[in-house]
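Read the structure below first, then the notes.
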Amino acid sequence: MSKEKIAKYARHFDLAVIQEEGSEIPFAKAAAALFRNVTFITPSQAAKAHGEYHLMIVCLPTPRLISPSLGNVLASIHRLETLVMAPDCNDNDVLRGAMRLRAWGVVPFAADAEEFHSALAGIFPVLVRAYNDAVIHGFQRHITEHSNTLFCICKNGKSAYVNELLKHHFGISRLDEFDRFIADSDLAVMMAQPGSNQKVVEIESVLEGQKAYFVNTHPLKGNETLIAMIPLKAPLQSCEQRIHNRMEFIERLKDAFVVHKKENESIPVIMVHVENSDKIIALNGEHLYHELYKEILARAKSYFGRDAQIAQWHKNVFTVMHERAGLDELKETLERFHHDVSAHVNIEGNVPVLNSFVIDMKGSELDKAIRIIDNIHQKNLLSADIANLVHHEISVGEGVLDDTEEALYYLEKLMLNKTPIKLLNFYKGIRISTPARLVKLSEGLAYLAIEKIQGYAMKLEGHTVIQSPGFPFDLQSDIKIVDVGKKIAVLSQFQPLEASANNRQYIRIQSDHRMHVTLTSPKNVSAGTILDISIKSIACRIGSGKTPPDVGTSVMLQFNLPIARFEGGMVPMAVSGKIQYLQKEDDFTKLVVILDLEEPYESYLIEYIYNRQQALVNEIKTIVNKL
């Protein structure tokens with residue numbers, strides 16, 4: 001394998017080097033530059049080293065290498081492959097030691113980076129294959145451990161293989177024990193029928209009693225048949241109209257593509273998602289949820305009719321395809337279906353939250369159509385998929401959703417309807433509000449395309465407010481990531497605001513330098529600094545040495561206002577007002593004074609605020625242009 005390919009793979013691999021204590025490894029720098037992580041371990045440390053590595057290189061002197069106990073010492077270090085480096089590769093003792101370690105091979109000890117690359121050239125193809133096999137094995141184990149599907153392979157009507165889950169489910173230990181279940185149920189009839197077949201079958205066992213299973217039989221090579229069974233909490237065969245599975249629906253969708261693609265006709269698919277399924281199951285158990293789901297399906301069949309192809313895509317998602325109905329007719333039917341479910345489906349106080357989409361697959365390929373459905377189901381909305389979405393319907397009972405869930409639903413609706421949004425932030429008191437675009441919603445996060453000036457203000461504040469005509473409220477969110485240069489942001493932790501963020505009636509400006517102020521009341525004189533200033537009020541901070549005036553006290557404020565046209569660049573101000581707000585801290589007090597302005601001071605203040613506002617706009621534009 002070439003150096004380039006080795007480098008390509010090695011940056012994803014972890015290396016463990018077993019070395020004698022106090023010895024030097026000449027290829028240490030080359031290894032560190034090549035592998036993702038490199039760990040040097042001595043035999044005395046190996047017993048406590050419980051890490052997992054892709055490759056282990058053993059660089060030990062011959063006496064230590066041929067020690068029979070070395071294999072036990074290194075047993076706690078998990079690795080995919082082992083390579084031994086030794087001065088003499090043909091030494092029989094060295095080769096026996098390598099065999100005890102189950103090493104891939106023995107190569108000369110690498111004295112420099114060039115020799116190190118040469119040593120890796122032989123083992124890396126084997127290491128990459130072992131890594132890929134380990135990944136596949138891990139996926140297979142994960143699927144096996146988390147799947148609720150029971151598998152059996154039969155040959156000539158007899159069990160040839162059953163998975164562990166099926167053995168545990170039926171309480172069997174031998175293959176021939178399952179043959180009785182095949183003979184006593186409709187499984188034998190299904191296997192005798194040609195092609196793939198699906199059916200809900202009742203099977204009785206000692207452990208489970210009489211139980212319904214959704215069974216799928218599929219012929220394999222020779223006389224072998226694969227049987228896949230999914231236990232049903234609430235049997236679906238009670239519904240007269242047959243419910244398809246995911247694979248059957250895909251086959252029917254494939255047929256629809258063949259029929260309608262040549263005519264350039266619409267291929268509408270409805271996807272209905274029970275959004276609060278996990279919450280219902282967690283609080284009430286799966287049986288109640290399946291009863292609720294069965295009721296929803298029954299109403300779906302009633303509304304969409306016998307010609308509709310309805311399939312269970314996932315435990316909380318079903319799809320509907322109706323080739324004889326147009327897009328407008330399906331939209332109207334979906335709206336009536338939603339209204340009926342919201343009004344009448346309620347089991348022990350549990351009301352389903354339905355989130356539905358009408359998707360026109362016209363112009364798409366089959367794999368893209370499947371991906372769109374999966375992306376919507378997994379809450380991984382992409383702007384590229386929205387072109388196919390022609391209608392969105394959501395039914396939410398009052399009090400069913402918390403604030404965060406409600407906010408995410410409105411964001412989803414905005415994105416699907418391509419409703420414009422704006423972001424709102426403040427920079428030193430001035431309002432920064434520019435358009436933004438929702439690009440993606442995934443796992444409670446919103447990915448946005450933004451303007452640079454907005455991104456800079458967001459970065460300073462650490463949060464932002466989303467505003468849109470499609471919102472019944474303003475939405476505040478935290479900034480998870482913002483890249484001003486690339487003009488992207490990722491938002492999280494969405495909370496509706498009780499009052500509009502536009503309620504700030506007057507611009508509040510922060511000064512570019514420290515502005516001292518003296519507050520005089522009938523019983524008190526205090527010195528402090530101005531925090532911000534508007535045409536109607538001034539926020540001040542004063543020291544905690546004196547007792548501040550009470551709220552409602554009339555005060556006189558004296559300070560110098562920066563206006564360039566006056567001598568010295570300042571104009572003295574003496575304005576009266578009343579304390580409206582007061583907040584005491586340990587070492588300072590913050591207060592807000594509502595001003596009672598008279599001329600010429602009101603004109604001076606308006607002039608200052610206008611000039612300062614223009615200066616701040618130029619300031620932030622200059623900063624952003626340099627980013």
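The values are calculated or read from the model by the stated rules, or taken from the named source; none is laboratory data. No experiment lies behind these values; they were computed from the predicted model shown. When we count neighbours, we look across all protein chains shown, and the Cβ atoms used for this are built from the backbone with ideal geometry, even at glycine. Please note that ligands, DNA and RNA were not included when accessible areas were found on the heavy atoms of the full protein model with its side chains. Shrake-Rupley method; radii C 1.70, N 1.55, O 1.52, S 1.80 Å.
Observations
- DSSP H segments from the chain that extend 20 Å or more along their own axis, Cα-based, with Kyte-Doolittle mean of 0.0 or above: 113-146
- Derived value for region 508-616: Kirkwood hydrodynamic radius 14.1 Å. Basis is the mean of 1/r over every pair of different alpha-carbon atoms.
- Put a plus charge on the Cβ of each Lys and Arg, a minus charge on the Cβ of each Asp and Glu, and nothing anywhere else: the dipole of region 266-384 about its Cα centre is then about 100 debye.
- Mean separation of Cα contacts under 8 Å (6+ apart) over length of the chain, as relative contact order %: 6
- Region 403-497 - percent relative contact order, Cα under 8 Å, separation 6 or more: 28
- Across the chain, the longest run free of exposed loop sites, meaning GluC sites (Glu not before Pro) lying outside DSSP classes H, G, I, E and B with no more than 11 other Cβ atoms within 10 Å, spans 25-239.
- Links that overshoot a 21 Å alpha carbon limit, given the list Lys221/Lys315; Lys199/Lys315; Lys379/Lys413; Lys279/Lys440; Lys315/Lys362; Lys199/Lys331: Lys221/Lys315; Lys279/Lys440; Lys315/Lys362; Lys199/Lys331
- Most positive-pole-ward Cα, Ser266, Ala75, Ser44, against dipole of the chain from beta carbon charges: Ser44
- Here the chain has an Rg and Dmax of 35.8, 106 Å, counting Cα atoms alone.
- Of the solvent-accessible surface of region 246-395, computed with a 1.4 Å probe over protein heavy atoms with every protein chain present, carbon and sulfur atoms account for 46 percent.
- Cross-link partners for Lys621 among the lysines, with Cα-Cα distance under 20 Å and sequence neighbours closer than 8 places in the same chain left out: Lys422, Lys428, Lys452, Lys459, Lys486, Lys487.
- If only the Cβ of Lys and Arg carry +1 and only the Cβ of Asp and Glu carry -1, the dipole of the chain around its Cα centre is close to 1180 debye.
- Taking θ as phi - 60° and the Karplus parameters 6.51, -1.76 and 1.60, the scalar couplings of region 12-19 work out to 9, 10, 10, 10, 10, 10, 8, 10 Hz in sequence order, x denoting glycine and proline.
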